[in-house]
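Where a number appears in this text, it was derived from the coordinates with a stated rule and is not lab data. Quantities reported herein were computed from a predicted structural model and do not represent experimental measurements. As a convention, Cβ positions derive from the backbone with ideal geometry for all residues, glycine included, and neighbour counts pool all protein chains shown.
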Amino acid sequence: METWDHRRLADLDFADDLALLDHTYRALQDMTNRLHGLGKKVRLRISDGKTKTMTVGKQHDIVMPLITVDNQNIENVHKFQYLASYMAEDENVEVDIRTRIGKASSVFQRPQPIWKCGKLTISKEIKLRLYSSIVVPVRSTVG
């Protein structure tokens, strides 16, 4: 039975998402083939519509062969969102940072009518509890 190489970080897993990582095209294609073969044994498949590849770092300007699954080319992209993070082939994190700040700001702004409401008397304690239960969890996941 085939297994993954556990001597180095080769993949990132979360729920039904998987990111395969390697330094060479050939190694990444081999990993993709192994994943595809193991998945087929348990009736799982790699979605060619949802699956993307990206070269990150100094090599991003070199045209690489496309990764394939069952002779279907996987789209190569210049930027990609994985879970809550945005990644770019030039390693620029500006889009990711702006997105995270925007999400935190948006959540922080939502309860403004409660904070400023003059008709309702909401105690400082209740406001702090609302802030702790609504805003803080989002800020910690995006920042």
- Message: Suppose each label sits 7 Å from its Cα in the direction of the beta carbon; what would the Val93-Val135 distance come out to in nanometres?
- Response: 2.5 nm
- Message: What distance in nm separates the two pseudo spin-label positions at Val42 and Arg26, each 7 Å out from Cα along the beta-carbon direction?
- Response: 3.0 nm
